[in-house]
Amino acid sequence: MCTLTIIETPGGTGYRVVHARDEQRDRSEAIGPTARTLRSGLVVECPTDPDAGGTWVATTKDGVCTGVLNVNIPDNGRAPATKSRGEIPLAIIDAPDLESRLKVLEGMDLTAYAPHTAFAVEMTDDGLRVLITRWDGLELRLLRDPSEFFTPVVVASSGLGDEIVQDRLPLFEEMVRHDPTPAHQDDYHRHRWEDRPEESVLMSREDARTVSITTVEFEQGWERPRMRYEALEEGDPSVDPVGAGLLQ
């Protein structure tokens, strides 16, 4: 349950990733961004899910960003998951480029993981490059080839079923794609349909809500990306109207 957007920053010299994390209300509160040293010695910055130990977005000082979103689809005969999808961003971030990250995914035993969308972003001298894959439990598909010309990205999922929240995509077209500025991107991630809070980008329903918004910004020439983690307060009417009603 999440909404991901990726835009190129004005001038085409950087990128901006915004990852809104939707979770069950009984899930433990996440740990904000900290430095984590991988077995290879690579130091990454990422928030952490204390229940499973993984993350949904990670960065390196060189400006690489990786992440994962849930995919919620009907049973298709896939095997039960035995590992956390939160391992995926850390498994692919250590590769030298996007093509190598794709090869890492192709070489993994993904049957151990529930369906998910994985992404990776990097800035090169030739511009912004993005890799997006989708694992449905049976097959890995390439959704965004790194060689493709960059266009703004939006991916949406929901525990109610991903098909329920696909109205978030035309909303992105309306609010962001034709003028992809940071302000419009932030407005999109704060959007809520008053009559459909359970389907909104800023989601709120009885058993789940948008718990945080993680923003990663990077420009060529910066020493490292800037990661901002915003935890959203449960029961705050401005971000969780259904939760506010439950607390009354």
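Quick notes on this structure:
- From the list T55, T117, the lone residue that is crowded, with 20+ Cβ neighbours inside 10 Å and assigned to a loop (DSSP other than H, G, I, E, B) is T55.
- Counted residues, the range 18-52 - those being part of a strand (DSSP E or B) and without any contact (Cβ under 8 Å) to a residue 12 or more places away in the chain: 2
- Residue within the range 209-218 that is touching a residue at least 24 places away in the same chain (Cβ under 8 Å), of a type in the set (K, R), within 23 Å of D162 (Cβ to Cβ) and in a loop (DSSP other than H, G, I, E, B) present: no
- Given (1) crowded, with 20+ Cβ neighbours inside 10 Å; (2) farther than 18 Å from L4 by Cα, number of the condition E233 does not satisfy: (1)
- Those residues of the range 10-34 which are surrounded by fewer than 19 Cβ atoms within 10 Å (Cβ to Cβ) and among the β-branched types (V, I, T), in sequence order: T13, I31, T34
- So V104, is it closer than 21 Å to V18 by Cα and of a type in the set (A, V, I, L, M, F, W, C): no
- Inter-residue pairs, beta-carbon under 6 Å, first within 24 Å of T210 (Cβ to Cβ) and in the range 69-81, second assigned to a loop (DSSP other than H, G, I, E, B) and among the small types (G, A, S), 6+ apart: N72/G159; N72/G161; A81/A114
Per-residue answers, yes or no, for (1) modelled with pLDDT of 95 or more; (2) in contact with a helix residue (DSSP H, G or I) (Cβ under 6 Å, 6 or more places away or on another chain); (3) outside any helix (DSSP H, G or I); (4) among the hydroxyl-bearing types (S, T, Y):
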{"residue": "L143", "(1), (2), (3), (4)": "yes, no, yes, no"}
{"residue": "S147", "(1), (2), (3), (4)": "no, no, yes, yes"}
{"residue": "V155", "(1), (2), (3), (4)": "yes, no, yes, no"}
{"residue": "L160", "(1), (2), (3), (4)": "no, no, yes, no"}
{"residue": "L169", "(1), (2), (3), (4)": "yes, no, no, no"}
{"residue": "E173", "(1), (2), (3), (4)": "yes, no, no, no"}
{"residue": "D186", "(1), (2), (3), (4)": "yes, no, no, no"}
{"residue": "L202", "(1), (2), (3), (4)": "yes, no, yes, no"}
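- Residue match in the range 64-81 (condition: in contact with a strand residue (DSSP E or B) (Cβ under 8 Å, 6 or more places away or on another chain) and among the basic types (K, R)): no
The values are calculated or read from the model by the stated rules, or taken from the named source; none is laboratory data. In this text, all values refer to a predicted model and were calculated from it rather than measured experimentally. Glycine also receives a Cβ, built like all others from the backbone with ideal geometry; neighbour counts cover every protein chain displayed.
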